[in-house]
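The values are calculated or read from the model by the stated rules, or taken from the named source; none is laboratory data. What you are looking at is a predicted structure, and each value in this text was computed from that prediction instead of being measured. All Cβ positions, glycine included, derive from the backbone under ideal geometry; neighbour counts span all protein chains shown.
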């Protein structure tokens, strides 16, 4: 099976971002593991992945916490798997980095407001209605989502962000207070007004099996990830890299997008009761 390009890319992006934050040269990072600056450059461009033994000193020298270090080691151990499967937290790290790096970001969410578009009130008041969770999990989830939102909004290269939201997610806002509901609608409108962002609503039926997924492409970004799709089931999630499978998801995306309604047009339609 072909090796994972994504597995080579993610550690390199973590290394580059943390190196620049600490104002370190590639040679300085190479000295952590007795490698040249050329090797570090290959890591940062996703051409190679540090091996397991190198991850320990790199994590220490670049300030990675225990959780991130463990995941970076997991990547090194499973680099040969093209569609590597892990827990949601691990794959969330992939999504966060792709959102910081890629030029094209497409998200289809039929049931919930996407995490990068949620308000704090939606996160804390609506999500507990959907599944059992505790305050610690809610706090951790919001901290992570907020970091993703800030990272995307602080980008200066105007990535193309397409959010496709199922009508159910909008209609379910009636379960919130009027103030919280209006706050979430205002948040969606705010994002829709940003250059490069486009939010649409899919009203009516959609193909069976077209559950939530994200589609990421480099879109001309120098340090963008290889193309991949993120999708999940109840207890498992995947980052998919195979070209033929990505093409099938892209076909579904195009079909759903063609049927969708621009956010503002939808909200101006009195059917939804949120105008």
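Tabulated results
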read-out	value
Residue ID - nearest to residue 164 (Cα to Cα), chosen from residues in segment 193-210 that are assigned to a loop (DSSP other than H, G, I, E, B) and modelled with pLDDT of 90 or more	203
Positions within segment 33-49 being in a helix (DSSP H, G or I) and free of Cβ contacts under 8 Å to residues at least 60 places away in the same chain, in sequence order	37, 38, 39, 40, 41, 42, 43
Search result, residues across segment 76-116 that are assigned to a loop (DSSP other than H, G, I, E, B) and at pLDDT 85 or above	102, 103, 110, 111, 112, 113, 114
Lone unmet requirement of (1) in a strand (DSSP E or B); (2) farther than 21 Å from residue 46 by Cβ; (3) in contact (Cβ under 8 Å) with a residue 24 or more places away in the chain for residue 231	(3)
Qualifying residue in segment 152-163 (condition: touching a residue at least 60 places away in the same chain (Cβ under 8 Å) and surrounded by 13 or more Cβ atoms within 10 Å (Cβ to Cβ))	yes
Subset of segment 236-275 that is assigned to a loop (DSSP other than H, G, I, E, B) and under 29 Å from residue 100 (Cβ atoms) - its residue that is modelled with the highest pLDDT	260
Residue match in segment 224-235 (condition: surrounded by fewer than 12 Cβ atoms within 10 Å (Cβ to Cβ) and modelled with pLDDT of 90 or more)	no
Extreme residue, surrounded by the fewest Cβ atoms within 10 Å (Cβ to Cβ), among residues of segment 237-246 that are over 13 Å from residue 213 (Cα atoms) and over 16 Å from the mean Cα position of the chain (by Cα)	244
Tally, over segment 191-213, of residues that are surrounded by 14 or more Cβ atoms within 10 Å (Cβ to Cβ) and under 16 Å from residue 266 (Cβ atoms)	10
Count of segment 12-23 residues which are without any contact (Cβ under 8 Å) to a residue 24 or more places away in the chain and farther than 21 Å from residue 75 by Cβ	1
Selected residue (criterion: surrounded by the most Cβ atoms within 10 Å (Cβ to Cβ)) from residues of segment 164-178 that are out of contact with any strand residue (DSSP E or B) (no Cβ under 9 Å at 6 or more places or on another chain) and touching a residue at least 24 places away in the same chain (Cβ under 8 Å)	173
All positions within segment 89-104 that are closer than 21 Å to residue 143 by Cβ and touching a residue at least 24 places away in the same chain (Cβ under 8 Å)	91, 92, 93, 94, 95, 96, 97, 98, 99, 100, 101
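Residues checked against (1) under 29 Å from residue 238 (Cβ atoms); (2) outside any loop (DSSP other than H, G, I, E, B); (3) within 21 Å of the chain's Cα centre (by Cα):
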{"site": "16", "(1), (2), (3)": "yes, yes, yes"}
{"site": "31", "(1), (2), (3)": "no, yes, no"}
{"site": "58", "(1), (2), (3)": "yes, yes, no"}
{"site": "74", "(1), (2), (3)": "yes, yes, yes"}
